[in-house]
Amino acid sequence: MSLNRLRGKSAERSVAKTLGGKRVGVLSGEDVSLDGPFSVEVKSRQTFVACAWMAQAVRNAKGKTPLLVVHVHGKRHDDDMVIVKMSDFRSWWGVIKGMK
């Protein structure tokens, strides 16, 4: 098994623990299963361009919760992606049904 695949599985386990869910991987189509309203897909990368974008959002937030919205040209805004830091997600959502 490749090192990247092992890192991905480790990230899935860590996210599952953080969210109080269960790592299910390829067994059910989602990486982490929660009893609440979210289906969780986990991606782990050494570098990701959105990290620099989020850093900019954090710098500009001035006491607010930074959200990073990624829009793909020519696509509907309903399909935009919203990225939020895990700590902010947990702060806003608190304990979700099925989460510890």
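Read-outs throughout are calculated quantities, based only on the coordinates presented, and are distinct from any laboratory measurement. Since this is a predicted model, take the numbers as computed values, not measurements. Here Cβ is always computed from backbone atoms with ideal geometry, including for glycine, and neighbour counts include all displayed protein chains.
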Given (1) of a type in the set (S, T, N, Q); (2) closer than 15 Å to Lys85 by Cα; (3) under 16 Å from the mean Cα position of the chain (by Cα), Thr47 misses just (2)
Applying the selection to region 85-96, what residues are over 13 Å from the mean Cα position of the chain (by Cα) and assigned to a loop (DSSP other than H, G, I, E, B)? Gly94, Val95, Ile96
Tell me, which residue of region 61-84 that is under 13 Å from the mean Cα position of the chain (by Cα) and in a loop (DSSP other than H, G, I, E, B) is surrounded by the most Cβ atoms within 10 Å (Cβ to Cβ)? Val84
From the set of residues in region 26-60 that are without any contact (Cβ under 8 Å) to a residue 24 or more places away in the chain and surrounded by 16 or more Cβ atoms within 10 Å (Cβ to Cβ), which is nearest to His71 (Cα to Cα)? Ala57
